[in-house]
Amino acid sequence: MLQPRTLYLVGAGPGPVDLLTLRAARLIAAAEVIVHDGLIGPDILGLARPEARLISVAKRRARHTLPQEEINALLVREALAGRMVVRLKGGDPLIFGRGGEEAEAARAAGLAVEIVPGISAANGAAAAAGIALTHREAASIVSFVAGQCKGLSEQDWSGLAGKGRTLVIYMGIATAPQIAEKLIADGLAPDMPIAIVENAARPEMRVLRGLLAGLPDLVAREAVKSPALIIIGEVAARDEAALSALAREAAA
Ligand code: SAH
């Protein structure tokens, strides 16, 4: 099913193998070369053919193993050599995944690009923690932001959080104190509910709830580790047990 001279940019979802799309699973099973992130677990990589070459380009904050340009060059080189290359990324490849840069590099090298969406961490976390990101009574807007972007303090987030709005922050654990400070300085109520979802959708998931002003303390006290998302808004305080009971009924 794989076409030559094509780069497949594939989303692997938030972790569990059964949250892959069928298309992703088929492409993984057919690939000759799989270039993957650190967030991809052994269950998913286990779908690859035994002879497939698995190349990890795991990135950690402040400890990049391979610069992005080298990842782009690697993908292009392998695909131009005629190998069936899958670039496998956590969540969705186009949400804070640098999939856009890799697609551009591939197209510039004359390759075709096929993108397979994945369940982004925000969607995985919302479902697993029972947080309705746009509960009709609490929010009609949801925004995704990166908490680790360059010049966090200069980023304009005003209007993204507050009444009727949900803000989901990716990569925000290390900068949680600056995030709380920034949002409060922008006028957000210090008692706005927040939830942290660590290892969303995985067996070791933790959901921690609190208020915006207490976010830095909560992160420190609970020793929250990446990967984790911060969800800010009234939806974070809605009754989790009631929601998951509803979800179970619906599934039954
Ligand atoms: N492309 C990915 C995001 C990559 S950025 C996606 O669409 O999900 C990496 C960040 O995603 C992490 O720092 C964390 O904030 C978030 N993340 C990824 N997987 C997660 C998980 N299982 N639980 C909580 N957050 C997760």
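On the given criteria, is R63 touching a helix residue (DSSP H, G or I) at 6+ places or on another chain (Cβ under 9 Å) and modelled with pLDDT under 95?
Values: touching a helix residue (DSSP H, G or I) at 6+ places or on another chain (Cβ under 9 Å): no; modelled with pLDDT under 95: yes.
When the stated conditions are applied, R63 does not pass them.
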How many residues does the range 91-105 hold that are within 11 Å of the ligand (Cβ to nearest atom) and within 21 Å of L2 (Cβ to Cβ)?
5
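Every residue, every condition in (1) within 11 Å of A125 (Cα to Cα); (2) more than 10 Å from the ligand (Cβ to nearest atom), yes or no:
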position	(1), (2)
I184	no, yes
D191	no, yes
A195	yes, yes
M205	yes, no
L208	no, yes
G214	no, yes
E222	no, yes
L229	yes, no
Give all pairs with beta carbons closer than 6 Å in which a residue from the range 87-102 that is over 16 Å from V57 (Cβ atoms) meets a residue that is near the ligand (Cβ under 6 Å from one of its atoms) and part of a loop (DSSP other than H, G, I, E, B); count only pairs at least 6 apart in sequence or on separate chains.
D92/S120; I95/S120
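Take the residues of the range 124-142 that are open to solvent by 20 Å² or more (accessible area, probe 1.4 Å) and not in a loop (DSSP other than H, G, I, E, B): which is nearest to A201 (Cα to Cα)?
Initially, the range 124-142 is screened for residues open to solvent by 20 Å² or more (accessible area, probe 1.4 Å), giving 127-128, 132-137, 140-142.
Cutting the leftovers down to not in a loop (DSSP other than H, G, I, E, B) gives us 127-128, 140-142.
Numbers: A127: 8, A128: 5, S140: 24, I141: 23, V142: 20 Å.
So the residue we want is A128.
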Of these, R238, R165, which one is at pLDDT 95 or above, over 18 Å from the mean Cα position of the chain (by Cα), outside the structural domain of V17 (by TED's automatic domain parsing) and basic (K, R)?
R165
Return the residue satisfying two criteria in turn: it lies in the range 16-54 and is modelled with pLDDT under 95 and in contact with a strand residue (DSSP E or B) (Cβ under 9 Å, 6 or more places away or on another chain), and of such residues it is least open to solvent (accessible area, probe 1.4 Å).
I40
Could you please tell me which pairs satisfy a Cβ distance under 9 Å, a separation of 6+ or placement on different chains, a first residue in the range 112-127 that is closer than 22 Å to E78 by Cβ, and a second residue that is of a type in the set (A, V, I, L, M, F, W, C) and open to solvent by 10 Å² or more (accessible area, probe 1.4 Å)?
I115/L94; G118/L19; G118/L20; G118/I95
Among the residues of the range 189-207, which ones are without any contact (Cβ under 8 Å) to a residue 40 or more places away in the chain and open to solvent by 20 Å² or more (accessible area, probe 1.4 Å)?
A189, P190, D191, P203, E204, R206
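Restricting to the range 8-54, what's the tally of residues that are part of a strand (DSSP E or B) and either closer than 18 Å to G91 by Cα or within 16 Å of the ligand (Cβ to nearest atom) (or both)? Can you show your working first?
The first filter runs over the range 8-54 and keeps only residues part of a strand (DSSP E or B), leaving 8-11, 13, 33-36, 53-54.
Going one step further and asking which of them are either closer than 18 Å to G91 by Cα or within 16 Å of the ligand (Cβ to nearest atom) (or both), we end up with 8-11, 13, 34-36.
Count: 8.
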So in the range 106-122, with the set limited to residues that are in a helix (DSSP H, G or I) and surrounded by fewer than 21 Cβ atoms within 10 Å (Cβ to Cβ), which one is farthest from the ligand (Cβ to nearest atom)?
A108
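The values are calculated or read from the model by the stated rules, or taken from the named source; none is laboratory data. These numbers come from a predicted model, not from an experiment. FYI the Cβ positions are ideal-geometry reconstructions off the backbone, even for glycines, and counts take in every protein chain you see. In case anyone asks, the SASA skips ligands and DNA or RNA and just uses the protein heavy atoms, side chains included. Shrake-Rupley method; radii C 1.70, N 1.55, O 1.52, S 1.80 Å.
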